[in-house]
1. Residues in segment 10-68 that are farther than 24 Å from A122 by Cα, of a type in the set (K, R) and touching a residue at least 12 places away in the same chain (Cβ under 8 Å): how many?
2. What's the total number of residues in segment 205-215 that are of a type in the set (D, E, K, R), surrounded by 18 or more Cβ atoms within 10 Å (Cβ to Cβ) and either at positive phi or at pLDDT 90 or above (or both)?
3. Mind checking which pairs have a first residue in segment 69-96 that is surrounded by fewer than 15 Cβ atoms within 10 Å (Cβ to Cβ) and a second that is of a type in the set (K, R) and modelled with pLDDT under 95, Cβ under 9 Å, 6 or more apart or different chains?
4. Answer with yes or no whether A184 is of a type outside the set (D, E, K, R), farther than 24 Å from S32 by Cα, in contact with a Phe, Trp or Tyr (Cβ under 6 Å, 6 or more places away or on another chain) and part of a helix (DSSP H, G or I).
5. Can we say L127 is hydrophobic (A, V, I, L, M, F, W, C), in contact with a Pro (Cβ under 7 Å, 6 or more places away or on another chain), within 25 Å of I22 (Cα to Cα) and surrounded by 21 or more Cβ atoms within 10 Å (Cβ to Cβ)?
6. Any residue at all in segment 148-167 that's in contact with a Ser or Thr (Cβ under 8 Å, 6 or more places away or on another chain), at pLDDT 90 or above and not hydrophobic (A, V, I, L, M, F, W, C)?
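The values are calculated or read from the model by the stated rules, or taken from the named source; none is laboratory data. From a predicted model like this one, the values you see are computed outputs, not experimental measurements. For neighbour counting, all protein chains shown are included, and Cβ atoms are generated from backbone atoms with ideal geometry for every residue, glycine included.
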Amino acid sequence: MDGAPRPRSSGGGDALARSSIIGDLRQRRVLSLLLDRSPLTERELAVRLLARERGLAPAAVSETDLDPVQTDLRHRCLPQLEAVGWIDRCPDGVVLDERPTFESVTPSPPDLRTPEDPAWDAIGALLARPYRADVVTLLANRDRDTTVADLVTALRERHTASALPEDDRSLRISLHHVDLPKLASTGLVAYDASARTATPTPRLTAFVDRIDLDN
């Protein structure tokens, strides 16, 4: 994990929306189903989604159980996916308009056909603010506690592209209140808020190696 840091984009205006989608297991399952077969009518998509969630054959799905899934698709899932440009509507149903890509944080994500893969939750956290990928990489290369102040210094030295908060104070606040707690919630780091120190977890090294994060 000693390669030179690669430039990262800021993720654009859709970064938070895409992060929310990838962090949502149902949304990942919708994308997975559309990768396997597209177009699907809204009802066909709801049937296949419910069947996958409950481990059933599509023919075993009941109409009573299907109604809330169709409602969630119609009013939440599909509008969100359409807003970020990942799906479109056609006369035959819902189609995958743009295959999701994740170059802003990793060149080697898991296969979207395995939406239950726990690595997706971590990738969702990185998508919201792509500089978190640099935070993760920096911590993975250390076997000790790292202070927020040290992370600020290291990020300023490392960064060549993706947007950081403009001044060091704003970056410290963001790391302390938002970024490190979020990364801790995914199990990648342990964060001691009182001491303002972050520590890599065993999961972190495996995650960085697996998705080729440090290239």
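1. Total satisfying the criteria: 2.
2. So the count comes out to 0.
3. Here the result reads E82/R89; V95/R89, each pair linking segment 69-96 to a residue that is of a type in the set (K, R) and modelled with pLDDT under 95.
4. Numbers: of a type outside the set (D, E, K, R): yes; farther than 24 Å from S32 by Cα: yes; in contact with a Phe, Trp or Tyr (Cβ under 6 Å, 6 or more places away or on another chain): yes; part of a helix (DSSP H, G or I): yes.
Against the criterion (of a type outside the set (D, E, K, R), farther than 24 Å from S32 by Cα, in contact with a Phe, Trp or Tyr (Cβ under 6 Å, 6 or more places away or on another chain) and part of a helix (DSSP H, G or I)), A184 qualifies.
5. No: the conditions fail for L127.
6. no
So that you can scan it fast, the table gives a plain yes or no per residue for (1) of a type in the set (D, E); (2) modelled with pLDDT of 95 or more:
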| residue | (1), (2) |
| --- | --- |
| L40 | no, yes |
| L78 | no, yes |
| E103 | yes, no |
| S108 | no, no |
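Rundown of residues vs (1) buried (at least 20 other Cβ atoms within 10 Å of the Cβ); (2) without any contact (Cβ under 8 Å) to a residue 40 or more places away in the chain; (3) not assigned by TED's automatic domain parsing to the domain that holds S19, yes/no style:
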position: V136; (1), (2), (3): yes, no, yes
position: R144; (1), (2), (3): no, no, yes
position: D150; (1), (2), (3): no, yes, yes
position: R156; (1), (2), (3): no, yes, yes
position: E166; (1), (2), (3): no, yes, yes
position: L180; (1), (2), (3): yes, no, yes
position: D192; (1), (2), (3): no, no, yes
position: R203; (1), (2), (3): no, yes, yes
